Every structure is written in structure tokens, then in C-alpha cells.
Amino acid sequence: MPEMPEGSDGEQATDAALAAPGAVRGRSGTHKVFISYASSDRAVADSVCAALERAGVRCWIAPRDVTPGEFYSEAIVHAIDSTTVVVLVLSQNAAVSQHVLREVERASSKRHPVVSFRIDLAPIPAALEYFLNTSQWLDASATGVERALPKLVDALQRCVAHASDPAARTDPDSSVVTQASRRPRLMLVALAAITAVALAYLVVDQFWLSKRVDEPKSLVEAPPAIPEKSIAVLPFTDMSAAKDQEYMSDGIAEELLNLLAQVPELKVIARTSSFAFKGEKIDIAEIAKKLNVANVLEGSVRKSGNMLRISAQLIRTADSTHLWSETYDRPVDDIFKVQDEIANAIVQALQIRLAGGEVSRRKGGTLNLEAYQAYLRAMSAVNENTKASLDAAGVYLEQAIKLDPGYGMAWYALATVVSMKTDNGWLAPTEGWERVRQLAQHALQLSPDLAEAHARLQWAYMSLDWDWPAAEAEGRQALAIDPTNPSALLAAGRLSAPLGHWDDSEKQLRAALVRDPLNTYLIWNLGFTYYRAGRFAESEDLYRKLLELQPGFLWTRSYLGKTLLAQGKADAALAMVQQEVDDATRLWFLPIDLQAAGRQAEADEALQAQIAQWADTGAFFVGMTYAYRGDHDRALEWLERAYQQKDASLDEITGEPLFRNLADDPRFKAFLRKMKLPE
């Protein structure tokens, strides 16, 4: 409803009436949908009303349907009581409106379903969230109101028809509006009627009525309760006689993973975590426990001549129940169609309808099988984060792009490879980050809704320009496209850290880890956030976990050494940094650790080696060494040199304990102001 003027008698009367469920007897009416909204969202509410009424759904909306002479508050109470469904135009304004809160509360007391039509990404206060079911939301914040209205109309038509059925109304949960309540597509294969009934029961019991997944509080604490609406897609097994279809098997699993990730309210574990068990003989139940999921999809691929046989099965791990299984025999050139068919069948089995209509491959994808296989090889190499693996990934991606110049994900992935090489000091900062920017922008020209490309462009703004507002704007676009995208959340968490927003950084990185709990880059960055926030023990725990997951991952031992040094464990810190797998990276902190261990002559020698290695591309680390030594003049001289070099590591300066000796130097404070960073 539109808000009344502050302090008016009408507002007080409305609040009093709505605060007392049952105080006013509802009267019969012909309308089916009550539209609740804040006054500033009047235009959107009118659009919703018009669209529904064009489709034959009668709406009640204030002030249009308030009878002249009738008390405003009483009219609203009567309308809510006699309605079938309430549509809430959910926005920042509605979230803080007491009138909207009381309308939703009234509807809830009458057991009317409340469908939230969300038009922005404002946080929802607990008082309002208490009455809202997140499975009853339609999100127009990314697509825009006009594009989302047809979905709302379709959902409301079905909800009204369902809720008007007296038999259905006896079941308080039967009026829930979800994407699942819409009629499913025709099954691709004929299923026995009893199987369909059993699946429907399982889905309603296990998926439809489940609640939102909360983020785990800490990776080192006890794992959270396993959400029923969660799934991991494991690498498919290559059953071919020649064992030469590994990338085909991985590709099918990854494509299914990407398709299922589009399902609203379904937690899908990202590739880096679900593929971490590839080749290991671990029980499905144990894998599900490690990934904190209730369901696992597994399968196999067998190639014979030009034919593929693909088998897939969906398993509920709590009791090893096979919820769905199917086998497909297809020509090898029909692989993408097979992937879509499998994903369709799985989605139908889960009774969750995909947002946006028919299942389609991820934006930014390709129809060229060779290009797709090259991309898969590249992504497998990227996760290792070594110089050899990143060089190989670049070669694979160049092949993919040559085969399909319009392959948006390949362009994005190439931007990621260049970004990592620049971060590792293997490319000159200005050259590297400018190339990252160009590649990410080209990916967005090909695929404007590619959240990962927006996130990588955000990284360029942070590292090349230190343009924090521009980086934040790019990050908002990425999260608007996909609020749960691990790459977008990683970039957001990395941006929050140099600004000193440790709590935000932790929250964003942990949210990403919900989707991708074994992602090495996410774990590394969360450990670094804890380190700079002064949470050294937690940082140490994460870095040690990372060493177990990926022993060869660059940077881990060096930064673990810093956390040990911050805890006063100088000898342990030195021993750890000396194990760093890359000679050049080892020099980042070796002079400091040697000095802390009392080995001054070796520290001086290591400093000269550090200058020889990093003077032109990593002056930041030389400045850090001099800061630790208390040599203010040289430390500030090297920091200025790093600034001129566009050394991306400068965004690590906020909260870094090794710069503590400079904290009170006015010149250091002036340098931070020049970087537009907190002092």
C-alpha cells in the first residue's frame, strides 16, 4: 500500500487495525490478489496490477480500490482477509515500511501465501524476513521488471487456481508458490506412474519445503547442517576401452553443473570442489559429507566408434536412494543436446523449474566441441597455479578462441590466466593488468551477462587503477547477475580487504565457499583476510588446510610463514618460507624471516637477492623489508617506486603487520591517502 503521511490519524488507525489479526471480520470479495507496496514503488505496483488483470487475475490495490467514504485502514484489512494471494513489491523502501510489514504480518496470520516480487537487492530486515518464505520470491533485480512480469503472471495464475481449490486449501503448505508449482515439462523418457508419484513425494518432502542455506561460520568449526536442497556433480567416469575420453567426461559433468547452478534455491557445489575427488576411491556418502550436500549426481561415458553411451544417476546420500537414473545413446557430435536432455530430466526429477524458461547452456558457452575440450584442459591447469600450468592453460585457451572466436568463457578464462601471471610477478604490472582489462571487456562484448567477466574486470580496476569506486560498481554488476557466483564473491571479498572492511570480506569469501568449499583461491584469500584482521590462528589453520588440498599451490608457504611470524614463531616462519615452491616467490619474505630468526648476515644477503629479482616488478616487497627493518626513508622510497610500477601488491598494505614501524610516520599516512586507502 502507499504510505500515509507521517503522524496522520489514518496511519495510526492503519497500524492499529493491522496489528490485531482477527480484530476485523473479513468480508467476501471478488479480487484474488492483494498488492502490497511502498508509496515510492507505486509505478511498479501499478505495472504488476495491470499485467495480472490483463491475464484475468482480479487485483486489489490502494488507493484505486478504496471506496470513497470508507476508512482507509479498514478497507485494507478487509481486502487482505478476503484475498487469495498477496504480492509484495519488495524493495529497499518496502523493507523499511511499517505499513508493508503489518500488511505482510496480517496476510501471514490468515495463512495467505505472500509472493515477493523483488526489484532491488536491498537487505531485508529480520522483522519482515520472518514472514517471508524465500522459495516464494521472484527476482526482477537483475532482469528488470518488464522481463520478469510474465513469470509473475504465470506463477500467480497457477497459485490462484490452486489456492481456490477447497481441497488444496485444507493443506496449509499447498498454496506455496514456487517455480516448482508450475506444470513440469514433458519427460524426455517415459517413466512409470508409480516412479513419478514417488519422485513427487520425495521432492515435496525433501526439496520444496526446505529452508535457506545459512553460511558456515568458520571453515575450522563443525560443519553446518546439510541442506536438503543441495547437490554436487562429480566427474563422470571414462568407461571407454581406450580410456581416451577423460575430457569428454569432465565436460559433461561441468556442463551439467553449470546448468543446475541456474536453478533457483538449489545449492550447487562449484567445479573446483566437486572435481577435487577425481580419481580417488572415496565412498559417495563421504564425498557428500565433505562437500556438505544431500545429493550427488554421478555418471559414466563410454565411446565406441562415433557413438557415446552416457549414464547418469542422482543419489540421495542419506539413505543411498537412487532418485533418478537414465542412459543415453547418442552420436558424438550430439553431445551438447545430450547434456541439455540430462539436465532437463534431473530438473524435472527435482521438481524445480529453471528461471528463464527452457534449459540452456551457460551464457558465454560454445557449440564447438573441440573448443570446449580445450577450455576444459585449460581450467584443469589453472587450478594448479604454477608457472608451467598457467603457460599450458594459456595455450589451450588460445586454441579454444581460434576454434570459436565468440566463446565468451574462453576469453574470460584467458583474462584470468593473465591476471594470475601478473599477480605472480611473471608479467610487468602495467602490461599485464591492461591486457586483463582488454580481455575481460571483450568477453563482456560477447556475453554481457557473464558474471565472471565483470568480476575479472573488477580485479583490473583494483590492481591497475586502484579505482575502488569503479571496482565496486563492476562488482555490483557481477553480483546482480549471479549473487552466488564464487568468482564474483571472491572479487568482492578481495576488494573489501584493502578498504579495511574485514567483516565484509570474510562474509563474502565464506559465501563463495558455500558454493565452492574446496576452491584453493578462496581459501587462500580468506586466510589472508584473517591475517590482516589480526586473526592469526585462524589464518594459520586455513593455510595449513590449503597445503593439504594443494601442496604445490604458489604463495601458501610464504603467507603461512607470515602468520607464524605474527604469532612470534620466528624459527617456524623461516622454516616454512624456505619450503616455498618457487625461488622468486620465496624472496618476498625470506629477508624478513631471516632477520626475525637472528640471522642478520644471511638476511642482508637475501635482501640484495630480493632487490635483484623484484626491483622492476615487485618493489612493494622491498619496501616491506625496509619497513620491517625500521628504515623509513628507504621503505617509503621503494613504496613510491611500487606506486610508479603499478605494483598490484600495494593493495595488500592495509592491515599488514610488517608495516607497523611506519604507522606514525606522516609520510606513510600521506602515501595511504594517495592510494585512497584507510590510514
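Note on segment 549-597: no enclosed helices (runs of 4 or more DSSP H) hold 3 or more residues that are modelled with pLDDT of 95 or more, over 28 Å from Ala276 (Cα atoms) and among the acidic types (Asp, Glu).
How about segment 284-305: which of its residues are aliphatic (A, V, I, L, M) and either surrounded by 19 or more Cβ atoms within 10 Å (Cβ to Cβ) or more than 17 Å from Val268 (Cα to Cα) (or both)? Steps first, answer last, please.
Quick first cut of segment 284-305, residues aliphatic (A, V, I, L, M) only: 284-285, 287-288, 291, 293-294, 296-297, 301.
Across segment 284-305, the qualifying residues are Ile287, Ala288, Leu291, Val293, Ala294, Val296, Leu297, Val301.
Kindly provide the set of residues from segment 396-422 that are more than 23 Å from the chain's Cα centre (by Cα) and either closer than 30 Å to Gln644 by Cα or in a loop (DSSP other than H, G, I, E, B) (or both), ordered by number. Give the derivation first.
Here is the first cut: in segment 396-422, the ones more than 23 Å from the chain's Cα centre (by Cα) are 396-406, 421-422.
Those that are more than 23 Å from the chain's Cα centre (by Cα) and either closer than 30 Å to Gln644 by Cα or in a loop (DSSP other than H, G, I, E, B) (or both): Asp404, Pro405, Gly406, Lys421, Thr422.
Taking segment 576-585, which residues are open to solvent by 30 Å² or more (accessible area, probe 1.4 Å) and in contact (Cβ under 8 Å) with a residue 12 or more places away in the chain?
We begin by selecting, within segment 576-585, every residue open to solvent by 30 Å² or more (accessible area, probe 1.4 Å); these are 578-579, 581-583.
Of everything in segment 576-585, those that are open to solvent by 30 Å² or more (accessible area, probe 1.4 Å) and in contact (Cβ under 8 Å) with a residue 12 or more places away in the chain turn out to be Gln578, Gln579, Val581, Asp582.
Screening Ala126 on (1) in contact with a helix residue (DSSP H, G or I) (Cβ under 9 Å, 6 or more places away or on another chain); (2) at pLDDT below 75 shows it passes everything except condition (1).
Of Val417, Val395, which residue is free of Cβ contacts under 8 Å to residues at least 60 places away in the same chain, more than 22 Å from Ser274 (Cα to Cα) and aliphatic (A, V, I, L, M)? Outline the logic, then answer.
Details: Val417 fails: more than 22 Å from Ser274 (Cα to Cα).
Only one candidate qualifies: Val395.
Can you find a residue that is in contact (Cβ under 8 Å) with a residue 40 or more places away in the chain, crowded, with 20+ Cβ neighbours inside 10 Å and either under 15 Å from the mean Cα position of the chain (by Cα) or part of a helix (DSSP H, G or I) (or both) anywhere in segment 275-282? Yes, that holds for at least one residue.
Every residue in segment 246-274 that is open to solvent by less than 10 Å² (accessible area, probe 1.4 Å) and not in a helix (DSSP H, G or I), please. Matches in segment 246-274: Val263, Leu266, Val268, Ile269.
In segment 551-563, which residue that is touching a Ser or Thr at 6+ places or on another chain (Cβ under 7 Å) and under 14 Å from Asp582 (Cβ atoms) is surrounded by the fewest Cβ atoms within 10 Å (Cβ to Cβ)?
In the first step, residues of segment 551-563 are kept if they are touching a Ser or Thr at 6+ places or on another chain (Cβ under 7 Å); the result is 552-555, 558, 563.
Checking which are under 14 Å from Asp582 (Cβ atoms) leaves us with 552-555, 558.
Values: Gly552: 12, Phe553: 20, Leu554: 22, Trp555: 21, Ser558: 23.
Per the criteria, the residue is Gly552.
Of all residues in segment 130-145, those that are closer than 20 Å to Ala45 by Cβ have Cβ atoms under 6 Å from Cβ atoms of residues that are among the polar types (S, T, N, Q) and at pLDDT 70 or above, 6 or more apart or on another chain, in Phe131/Ser108; Leu132/Ser116; Trp137/Ser116. For Leu323, the criteria (1) closer than 28 Å to Asp449 by Cβ; (2) at pLDDT below 85 hold in every case but one, which is (1).
Of all residues in segment 610-626, which are in a helix (DSSP H, G or I) and either touching a strand residue (DSSP E or B) at 6+ places or on another chain (Cβ under 6 Å) or open to solvent by less than 40 Å² (accessible area, probe 1.4 Å) (or both)? Of everything in segment 610-626, those that are in a helix (DSSP H, G or I) and either touching a strand residue (DSSP E or B) at 6+ places or on another chain (Cβ under 6 Å) or open to solvent by less than 40 Å² (accessible area, probe 1.4 Å) (or both) turn out to be Gln610, Ile611, Trp614, Ala619, Phe620, Phe621, Val622, Gly623, Met624, Thr625, Tyr626. For segment 77-95, the set of residues classified as touching a residue at least 40 places away in the same chain (Cβ under 8 Å) and hydrophobic (A, V, I, L, M, F, W, C) consists of Val77, Ala79, Ile80, Val85, Val86, Val87, Leu88, Val89, Leu90, Ala94, listed by residue number. Is there any pair with a first residue in segment 440-468 that is farther than 23 Å from Ser649 by Cα and a second that is crowded, with 18+ Cβ neighbours inside 10 Å and β-branched (Val, Ile, Thr) whose Cβ atoms are under 7 Å apart and which are 6 or more apart or on different chains, and what are they? Pairs that qualify, where the first residue is farther than 23 Å from Ser649 by Cα and the partner is crowded, with 18+ Cβ neighbours inside 10 Å and β-branched (Val, Ile, Thr), are Asp449/Ile481; Ala451/Ile481.
Residues in segment 378-402 that are open to solvent by 40 Å² or more (accessible area, probe 1.4 Å) and among the β-branched types (Val, Ile, Thr) were compared, and the one that is farthest from Leu546 (Cα to Cα) is Val395. Scanning segment 638-653 for residues that are under 21 Å from Ser419 (Cα atoms) and either in contact (Cβ under 8 Å) with a residue 40 or more places away in the chain or crowded, with 18+ Cβ neighbours inside 10 Å (or both) turns up Ala642, Gln645, Lys646, Asp647, Ala648, Ser649, Leu650, Asp651, Glu652, Ile653. Does Lys669 count as open to solvent by 40 Å² or more (accessible area, probe 1.4 Å) and outside any helix (DSSP H, G or I)? When the stated conditions are applied, Lys669 does not pass them.
Condition check for Glu326 on (1) under 19 Å from Leu257 (Cα atoms); (2) open to solvent by less than 80 Å² (accessible area, probe 1.4 Å); (3) without any contact (Cβ under 8 Å) to a residue 60 or more places away in the chain: one failure, at (3). With respect to being closer than 30 Å to Ala232 by Cβ and open to solvent by less than 20 Å² (accessible area, probe 1.4 Å), Trp588 falls outside the description. Taking Lys243 as the residue in question, decide whether it is open to solvent by 60 Å² or more (accessible area, probe 1.4 Å) and within 16 Å of Ala381 (Cα to Cα). It is false that Lys243 is open to solvent by 60 Å² or more (accessible area, probe 1.4 Å) and within 16 Å of Ala381 (Cα to Cα).
The values are calculated or read from the model by the stated rules, or taken from the named source; none is laboratory data. All values derive from a computational prediction rather than experimental measurement. Every residue, glycine as well, gets a Cβ built from its backbone with ideal geometry; the counts of neighbours run over all protein chains shown. Just the protein is used for accessible areas: all its heavy atoms, side chains included, with ligands, DNA and RNA removed. Shrake-Rupley method; radii C 1.70, N 1.55, O 1.52, S 1.80 Å.
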